[in-house]
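The structure appears right after this line, and notes come after that.
Just so it is clear, none of the values below were taken in a lab; they were calculated from the coordinates. Everything numeric here is computed off the predicted structure, so don't read it as measured data. Neighbour counts are summed over all protein chains in view; Cβ atoms, including those assigned to glycine, are modelled from backbone coordinates with ideal geometry.
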Amino acid sequence: MIHLYAFAAGLAGPPPEGVETIGVGGVQAVFGRSTGNTRRDVIRHGRVLDALLERATAVLPARFGERFPTVEALEAAVASRRERLEAALARVEGCVELAVRVARDADGSPRRRSDGREYMRARLHVVAEEAALVSSLDDALCEWARASAVAQLPASALLHDASYLVDRDAVGEFAAAVDRYAAAYPELAVVCTGPWPPASFAEVS
Amino acid sequence: MSGAAAKVLSLHGDLGRVTRDEAPRRISADPANVERGLAQLVLTLVELLRQLMERQALHRMEQGTLDDDEIERLGDTFMKLAERMDELKLEFGLRDEDLNLDLGPLGRLV
Amino acid sequence: MSVVEQPRLEHEVTLVELVDRVLNKGVVLTGDIMLSVAGVDLVYVGLRVLLTSVSALEESR
C-alpha cells in the first residue's frame with residue numbers, strides 16, 4: 001500500500017528518508033510505502049509535513065489515512081484532479097499556517113440572577129462582550145493573513161479557535177500582533193502555535 | 001527529516017486558571033466507573049444542548065423576536081437548568097472540564 | 001508565565017496539536033475518514049488539552 005503524505009510544488013533538494021515523490025504536471029505527490037496506523041506513524045506523518053514545509057514553496061497536506069494500492073493508482077488519482085490540485089497549491093504558495101486560541105477564565109459561567117429577564121440580559125452582555133473581544137483580535141490578525149479559518153464553537157470554554165494562512169515573510173508581524181493583543185487583555189489566555197503546513201486551507205474542490 | 005521546530009510561538013495569560021490537574025478526560029469503561037462515565041456523557045450532551053438553546057434564545061432576544069414574557073420564562077428555565085446541572089455534577093464528582101468531550105473527527109463533522 | 005524557555009513543555013504541546021492536525025485536517029481524496037487509529041487517542045484536542053499538557057509538566061518539575 002502507498003501512503004500519501006501531501007502534495008507539493010516547488011520542491012527542491014532530496015526528500016526526507018523513506019519518502020518518494022511522483023510528478024504530474026505542476027503537482028508533486030509525496031508518498032511513502034509503509035502503512036502502519038500507530039501513534040508513531042501519525043507523528044512521522046506530521047514530521048514529514050514539517051520537512052516538506054522547509055523544502056517546498058507550496059505544501060498541501062493530506063489527511064492521515066490516504067492510501068492507494070499502487071503508485072500507478074496514486075498517479076491516476078492525481079492526474080484526474082491535476083488542475084484542481086494546481087489551483088489549491090497556488091492558493092497556499094509561500095504561506096504557512098498559524099493557529100491562535102483564546103480562552104477565558106471559567107468564571108464566565110452563568111450565575112443566578114433575580115429573575116429570568118435579568119439572567120438573559122446578563123448572558124447577552126457576556127456574549128456581546130466576548131464577540132467584541134474575538135472580532136478585535138480577528139481583525140488585527142487578518143491584516144497579516146491571506147485567509148482565515150475559524151472554528152465554530154457553540155459551546156466551549158474557548159472564545160476563539162482559528163487558523164490563519166500567512167505569508168512566510170509576514171509571520172513576524174503576525175506574531176507581534178498576537179503579543180500586542182495578549183498584552184492588552186491580560187485576563188485572557190492566548191496561545192499561538194506554528195508555523196504549520198497549511199492543512200486547514202487544503203481544500204480541493 | 002527535521003526535528004520538532006518550536007511550534008509554540010507564544011503563550012500568554014494565567015494558564016493555571018483554565019487548566020486541570022489530571023490527564024485529559026475519556027469515557028471510562030471500567031465497571032467501577034461506568035455510572036460516572038455514563039453520567040459524564042449524558043451531562044455533556046445536556047450541557048451542550050442547554051448552551052446551544054440558550055445561544056439561540058439570546059440571538060432571538062437580540063433581534064427582538066421574543067416578548068418580555070418569553071424572555072422571562074426562557075431565562076428562568078435556563079437558569080434553573082444550569083443550577084440543576086451544577087447539582088448533578090456535584091453528585092457525580094464531575095467538573096466543568098469533564099463535560100467537554102471532543103469526538104475527534106466526529107466532533108468536527110457535527 | 002514564560003513557558004517558552006522550557007523546551008520539553010513546548011515539545012509536549014506541539015505533539016498534541018500535531019497529532020490533532022494530522023488526523024483531522026488536510027486533503028481527503030479517497031473519502032475515507034480515519035475514525036480509529038491503533039494506539040492513538042482521538043478524544044484529545046483543544047486548547048484545554050494543550051494547557052493541560054503545559055500544567056501537568058509544570059507540576060511535575
### Task
Could you give log10 I(q)/I(0) at q = 0.12, 0.17 Å⁻¹ for the range A:103-205, computed by the Debye formula over C-alpha point scatterers of equal weight, without solvent?
-0.49, -0.85
### Per-residue mean of C-beta atoms belonging to partner chains within 10 Å, peptide B:72-82
5
### Message
If each DSSP helix of 4+ residues adds -39,500 (n - 2.57) and the sum is divided by the residues in chain A, what number results at 222 nm, nearest 500 deg cm²/dmol?
### Response
-12500 deg cm²/dmol
### Query
Of the residues A:ALA140, A:ALA99, A:ALA151, which exhibits the maximal mean-square fluctuation in a Gaussian network model of chain A defined by a 10 Å Cα contact cut-off?
A:ALA151
### Query
What share of Cα pairs, in percent, lie more than 23 angstrom apart in the range A:48-166?
53 percent
### Task
Pop the C-beta distance of A:ARG113 and A:ALA140 into the FRET formula with R0 = 35 Å and round what comes out to the nearest 0.05.
0.55
### Query
Can you pull the mean other chain C-beta count within 10 Å for peptide B:44-56?
2
### Message
Of the candidates A:VAL30, A:VAL78, A:VAL126, which one comes out as most mobile in a Gaussian network treatment of chain A with C-alpha springs shorter than 10 Å?
### Response
A:VAL126
#### Entry: Exposure proxy ranking, count of Cβ atoms within 10 Å, fewest first, for A:HIS3, A:HIS125
A:HIS125, A:HIS3
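Taking each residue of A:97-104 in turn, how many C-beta atoms of other protein chains fall within 10 Å of its C-beta, and what is the average?
Numbers: counts 2, 1, 7, 2, 6, 3, 10, 3.
Mean shielding count: 4.
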### Query
Just from the alpha-carbon atoms, what are the Rg and Dmax of the range A:2-91 in angstroms?
12.1, 33
#### Entry: Relative contact order, percent, the range A:2-91 [alpha-carbon distance under 8 Å, six or more residues apart]
42 percent
### Query
Mean separation of Cα pairs under 8 Å and 6+ residues apart, divided by the residue count of chain A: what relative contact order is that in percent?
25 percent
### Task
State the percent of C-alpha pairs, over all pairs in chain A, separated by a distance greater than 30 angstrom.
36 percent
### Query
Taking trypsin sites (Lys or Arg not before Pro) that fall in a DSSP loop and have at most 13 other Cβ atoms within 10 Å as cut points, what is the longest piece of chain A between them?
A:113-205
### Residues of type lysines that C:LYS25 reaches as a straight line, Cα spacing below 30 Å, ignoring anything fewer than 8 places off in the same chain
B:LYS7
